[in-house]
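Working notes, structure below.
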Amino acid sequence: MDRLLEFIFERMYLKVFFLVTLSLLSINVLGQVDWTKYGGNPVLLPGAPFTWDDVGFPSASVLLIGSTYHMWYTGNDGSNMRIGHATSPDGIIWTKDHANPVLNLGTPGSWDDYSVFFPTVVYDGVTYHMWYTGDDGPPAQNENIGHATSPNGINWTKDPMNPVMMSGTSGSWDGLGVGGGFASIEGSTFHLWYDGGDGTAIRSGHATSTDGGTTWVKDPSNPVLNVGSPTSWDYDRAQVSSIIYNPNTSTYYMFYCGGYFLSWKIGYATSPSINGPWTKSPNNPIFTTTPSGWDSYYVSFPCVIYDGNTNNYKMWYIGNNAPGAGKIGLATSLVVPVELTSFTATANGKEVTLNWSTATELNNQGFEVQRKFGSNDFVTVGSVRGNGTTTASNNYTFIDKLIDAGKYFYRLKQIDYSGTFEYSDAVEVEVRILDKFTLEQNYPNPFNPTTTIGYILQEKSNAKLTLLNALGEEIALLVNEEQEKGYHKVEFDSKGLSSGIYFYKLVAKDFVSVKKMMLVK
């Protein structure tokens, strides 16, 4: 199917975008967690025939307020979509509100008279704020984002300034429509992550508001979460769905949906700041379908919260065993109470040294060290005993020997005495064999304005690294000193140089090597 037609089809009929609320919680997070799907899934089913939500649910948003779970969800009757509300004492058994739908279509001729869907709700302690996607129907099928407020989460008043966010300019990454997303509040600033389409891919952008969520300023660095490479699992979609913040490690965890049309899976990315930049986990995707199950066709758009009452994570997600609007399932993950404060990998010849530290440990049996090379899966290469229960910090070391040159990823599988386990984020290391002199290709290349030049010295020697112009004339001396055996690198800044072809030359003992690089300004 043509990508533009596919995008329009999805936005018109499936509209599977997910909006949720940021959880700012003091929790212990190693990064990726292992999810257990609830055996009684799905936990929310479509309504009876000929009701407003009888076809299925494209999205849901959940808040835990006190001991009660509140869910705002999109209901689809096959023609239009509206927003309903449900409550639950445990996140499993849900009671739909008798007032449903709690957010209805706009008046005829208005910007949201065809469908309202994909709510994200934030509660500031006094007022509930909802941002939602509105649609004016065919033939234009314009989709923009609106705002509504409520004193109780049930009775909503639409913002007279709606729509509060509109599509970008024609040809831009969000020029075909905006919708979905995720909202949070920090201090007096509201943050909104939203999805945008240009007919070729769906990406996620970021915007902020300081007037209660009516006026939004789009981030100039948008999109803040881009699609993956052409061969990756998220090559045409990267839609933010949920964020959890861990103050112990000052890290934000962003869960997102990726995958080809109706073949969606779930991954995550991390950042030290709510404003990014975001780094995708090499372990992605972390949540996939169950063969022959109710969610065998796709899993998508997770809403993740931390439940302090049960000390676990809860994820509500959309799934189905066929194309179309889905049902809502639940998955959980126990919090492993080990606080990892650092994890590094350092290469030295054919050895990689892993070092990690913990601030506290509770029932920590130990760690499995796992390694990944190329497209292979992670494999266990060793283990290190833990320190049980302690409030003191501990340092650990593991040396992986006799491996070949290349790029490797390592992660830790922390296991407690009950068998509960959790994976750390992966760390990356480049292993270089030091048995011969080598001059590496600079990276990036082409470059502007800086690039890295790496080289290997087989033995201690005087190294001379020079920059040459296109005529082979020396124009800069980058290194000219005695250096120890091993890997060395130089960060080269092209300030003062014009665009064009340049060469760099390494001389060490009898070794001479020249490579080409391109400066594009």
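Listed values, structure above:
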read-out	value
Check on residue 44, farther than 23 Å from residue 136 by Cα, assigned by TED's automatic domain parsing to the domain that holds residue 256, aliphatic (A, V, I, L, M) and under 25 Å from the mean Cα position of the chain (by Cα)	no
Strands (runs of 3 or more DSSP E) contained entirely in the stretch 172-211, each with at least 3 residues that are farther than 20 Å from residue 269 by Cα	177-186, 189-197
Residue in the stretch 55-64 that is without any contact (Cβ under 8 Å) to a residue 24 or more places away in the chain and either more than 28 Å from the chain's Cα centre (by Cα) or part of a loop (DSSP other than H, G, I, E, B) (or both) present	no
Among the candidates 185, 266, 243, residue that is crowded, with 16+ Cβ neighbours inside 10 Å, more than 16 Å from the chain's Cα centre (by Cα), of a type in the set (Val, Ile, Thr) and under 30 Å from residue 340 (Cα atoms)	185
Residue 329 being in contact with an Asp or Glu (Cβ under 8 Å, 6 or more places away or on another chain), crowded, with 17+ Cβ neighbours inside 10 Å, among the small types (Gly, Ala, Ser) and modelled with pLDDT of 90 or more	yes
Pairs with Cβ under 6 Å, 6+ apart, first in the stretch 434-460 and free of Cβ contacts under 8 Å to residues at least 24 places away in the same chain, second outside any strand (DSSP E or B) and polar (S, T, N, Q)	436/458
Test: residue in the stretch 288-298 that is surrounded by 16 or more Cβ atoms within 10 Å (Cβ to Cβ) and part of a strand (DSSP E or B)	yes
Considering residues of the stretch 299-341 that are small (Gly, Ala, Ser) and in a loop (DSSP other than H, G, I, E, B) only, the residue farthest from residue 69 (Cα to Cα)	322
Within the stretch 84-99, tally of residues that are part of a loop (DSSP other than H, G, I, E, B), crowded, with 16+ Cβ neighbours inside 10 Å and in contact (Cβ under 8 Å) with a residue 60 or more places away in the chain	1
Exclusive hit being aliphatic (A, V, I, L, M), buried (at least 18 other Cβ atoms within 10 Å of the Cβ) and either in contact (Cβ under 8 Å) with a residue 60 or more places away in the chain or not assigned by TED's automatic domain parsing to the domain that holds residue 185 (or both), set 102, 122, 116	122
Residue, farthest from residue 281 (Cα to Cα), within the stretch 414-432, restricted to residues that are modelled with pLDDT of 90 or more and among the small types (Gly, Ala, Ser)	424
Among the candidates 411, 385, residue that is under 16 Å from residue 281 (Cβ atoms) and surrounded by 10 or more Cβ atoms within 10 Å (Cβ to Cβ)	411
Given (1) assigned by TED's automatic domain parsing to the domain that holds residue 365; (2) exposed (fewer than 12 other Cβ atoms within 10 Å of the Cβ); (3) more than 30 Å from residue 365 (Cβ to Cβ), number of the condition residue 406 does not satisfy	(2)
Residue match in the stretch 55-68 (condition: at pLDDT below 95, of a type in the set (Phe, Trp, Tyr) and more than 20 Å from residue 151 (Cα to Cα))	yes
Failed criterion for residue 355 (all others in (1) within 27 Å of the chain's Cα centre (by Cα); (2) on the phi > 0 side of the Ramachandran plot; (3) surrounded by 13 or more Cβ atoms within 10 Å (Cβ to Cβ) hold)	(2)
Residues satisfying the stated conditions in the stretch 489-520, i.e. closer than 19 Å to residue 457 by Cα and exposed (fewer than 12 other Cβ atoms within 10 Å of the Cβ)	491, 510
Which listed residue is outside the structural domain of residue 400 (by TED's automatic domain parsing) and buried (at least 16 other Cβ atoms within 10 Å of the Cβ), from 478, 471	478
Which listed residue is farther than 22 Å from residue 166 by Cα and part of a loop (DSSP other than H, G, I, E, B), from 235, 252	235
Qualifying position, being assigned by TED's automatic domain parsing to the domain that holds residue 491 and of a type in the set (Ser, Thr, Tyr), among 391, 451	451
Residue, farthest from the chain's Cα centre (by Cα), within the stretch 411-425, restricted to residues that are of a type in the set (D, E, K, R) and over 10 Å from residue 363 (Cα atoms)	413
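The rows are residues; the columns are (1) in a loop (DSSP other than H, G, I, E, B); (2) within 27 Å of residue 433 (Cβ to Cβ); (3) at pLDDT below 90; (4) outside the structural domain of residue 414 (by TED's automatic domain parsing).
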site: 345; (1), (2), (3), (4): no, yes, no, no
site: 357; (1), (2), (3), (4): no, no, no, no
site: 360; (1), (2), (3), (4): no, no, yes, no
site: 366; (1), (2), (3), (4): no, no, no, no
site: 371; (1), (2), (3), (4): no, yes, no, no
site: 377; (1), (2), (3), (4): yes, yes, no, no
site: 380; (1), (2), (3), (4): no, yes, no, no
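The values are calculated or read from the model by the stated rules, or taken from the named source; none is laboratory data. These figures come from a predicted structure and were not determined experimentally. Positions of Cβ are generated from backbone atoms using ideal geometry, with glycine treated the same way; all protein chains shown enter the neighbour counts.
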